[in-house]
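The values are calculated or read from the model by the stated rules, or taken from the named source; none is laboratory data. A quick note: this is a predicted structure, and the numbers were derived from the prediction, not measured. We place every Cβ from the backbone using ideal geometry, glycine too, and count neighbours over all the protein chains shown. Surface areas here come from the heavy atoms of the whole protein model, side chains and all, with no ligands, DNA or RNA. Shrake-Rupley method; radii C 1.70, N 1.55, O 1.52, S 1.80 Å.
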Amino acid sequence: MKNDKDAFRDYLQKEKNYSDHTVTAYCDDLDFFAHYLVTTFDQEALSEVNYSQIRSWIVSLVDAGISNTSVNRKIASLKAFYRFLLKIKAIEANPLVKHKSLKTPKKIQIPFSEQELTAVLGALHFPQGFEGIRDKLIIDLFYSTGIRRTELIHLKVNNINFSSATLKVLGKRNKERLLPILPIISQQFQTYVAERACLEEIKDSDYFFLTLKGIKMNDSLVYRLINNYFSNVSEKVKKSPHILRHTFATHLLNNGADLNSVKELLGHSSLASTQVYTHSSLLELKKVYGDAHPRNQK
C-alpha cells in the first residue's frame, strides 16, 4: 500500500498534470519538512502535524538565511500536500488553513528595449553554421512567441506545422496551445531544418532543437545562450529567456494588443498572471501621455 507521500506524488503527476520538475520540487520540499519533523520533534507522521510545528520550521528557515520567497514556495508545497490529505480524508483539518505568506519585495522585471532586440537580431553577427543559425532562431522564437524555456526545449519535430505556420506547445499542467509563426521566423525554421539534417549524428531525433552532438538542449545551455548574446548589447542585470518572454508581452501591449490575446499567447490560466506585464506598458503609456498632453507642455 502506498504511503501518503507516494500517493501525493501520483496525484500531482496524474491528476494535476504537473511537470516532472514541479513534482520533484514539491516532493523535495515535503521531504525537507519531514526530516525537520523527525529531527526536531521525533515525529514521523505528517498527518499529525500542527501549525506550531510548521511555524517552528518556518522560523528555522528564516534564521538560516533562506529568503521569504523561497520559504513561501516551500509552504506552498506543504499546502498542496495537506489539501490532498483533506481530499482523501486522511486528515480532518488543514494545519495551514490560517497561514499567511511571508511578505516579499515586489520585483519589477525590466524588459529588453526594441533597440536591444534589433542590436542582437539585426546587427550582431552570429557564428557561421549550425549553432549560429540555431541560436538566432531560438532568440527570435522567444521574442516572437513568448514561449517558455522548458516549452522550447521540449518542442518536438512533429509539433511544427509549416503549412499552417503554427507551433503546438505543451505548457504547464500539460496544457496545449497553438502559437502562430511569423513569416520571417518560418524562413529561419527552414534554414535550421536543413542544417539540422546535416549533423553527423542525431540521438534525440524527436526533439527539434539540438546541440552539435545531436542531443536535446538543457535549461542551463539555453540560459547561457541568451545571457551571452544579450551581454553584448545590454547592461541589464538579468538577461534570461524569461526576460525575453516578458519583453514579448510588454512590446505587444505597448503596441496595442489586448490583455486577453496576450494571455492566450502566453498560456496563462488567468488574467492576473498576465497583468504582471502591464507595469512596463503603463510606464510607456505615462511617458506618451506626459509628452503629448498640452497641460504638460513647458
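A few comments on the model shown:
- Identification of helices (runs of 4 or more DSSP H) wholly contained in the stretch 1-104 with 3 or more residues that are farther than 30 Å from Arg148 by Cβ and not aromatic (Phe, Trp, Tyr) yields 20-41, 51-63.
- One residue from Gln115, Gln43, Gln128 being among the polar types (S, T, N, Q) and either within 22 Å of the chain's Cα centre (by Cα) or more than 30 Å from His242 (Cα to Cα) (or both): Gln43
- Members of the stretch 65-79 that are out of contact with any helix residue (DSSP H, G or I) (no Cβ under 6 Å at 6 or more places or on another chain) and open to solvent by 10 Å² or more (accessible area, probe 1.4 Å): Gly65, Ile66, Ser67, Asn68, Thr69, Ser70, Asn72, Arg73, Ala76, Lys79
- For the stretch 137-165, the tally of residues that are of a type outside the set (Asp, Glu) and within 14 Å of the chain's Cα centre (by Cα) stands at 10.
- Criterion (of a type in the set (S, T, N, Q), farther than 23 Å from Asn255 by Cα and open to solvent by 90 Å² or more (accessible area, probe 1.4 Å)) met by exactly one of Gln188, Gln128, Gln115: Gln128
- Contact annotation: residue pairs with Cβ atoms under 6 Å, 6 or more positions apart or on different chains, pairing a residue in the stretch 226-242 that is in contact (Cβ under 8 Å) with a residue 40 or more places away in the chain with a partner that is open to solvent by 90 Å² or more (accessible area, probe 1.4 Å), are Lys236/Ile110.
- Residue check, Ile110 over 25 Å from the mean Cα position of the chain (by Cα), surrounded by 13 or more Cβ atoms within 10 Å (Cβ to Cβ) and farther than 30 Å from Tyr207 by Cα: no
- Verdict on Tyr11 being under 17 Å from Leu86 (Cβ atoms) and modelled with pLDDT of 95 or more: no
- Looking only at the stretch 14-38, and only at residues there that are surrounded by 15 or more Cβ atoms within 10 Å (Cβ to Cβ) and touching an Asp or Glu at 6+ places or on another chain (Cβ under 9 Å), the one that is farthest from Ser77 (Cα to Cα): Leu37
- Residues that are small (Gly, Ala, Ser) and open to solvent by less than 40 Å² (accessible area, probe 1.4 Å), drawn from the stretch 39-55: Ala45
- Pairs are defined by a Cβ separation below 8 Å, a sequence spacing of at least 6 or placement on different chains, a first member in the stretch 114-133 that is farther than 14 Å from Tyr229 by Cβ, and a second member that is of a type in the set (A, V, I, L, M) and open to solvent by 70 Å² or more (accessible area, probe 1.4 Å); the pairs so defined are Phe130/Leu212.
- Criterion violated by Glu201 - all others in (1) touching a Lys or Arg at 6+ places or on another chain (Cβ under 9 Å); (2) farther than 23 Å from Ser220 by Cα; (3) surrounded by fewer than 13 Cβ atoms within 10 Å (Cβ to Cβ) satisfied: (2)
- Condition check for Phe209 on (1) over 22 Å from Leu117 (Cβ atoms); (2) of a type in the set (Phe, Trp, Tyr); (3) open to solvent by less than 30 Å² (accessible area, probe 1.4 Å): one failure, at (1).
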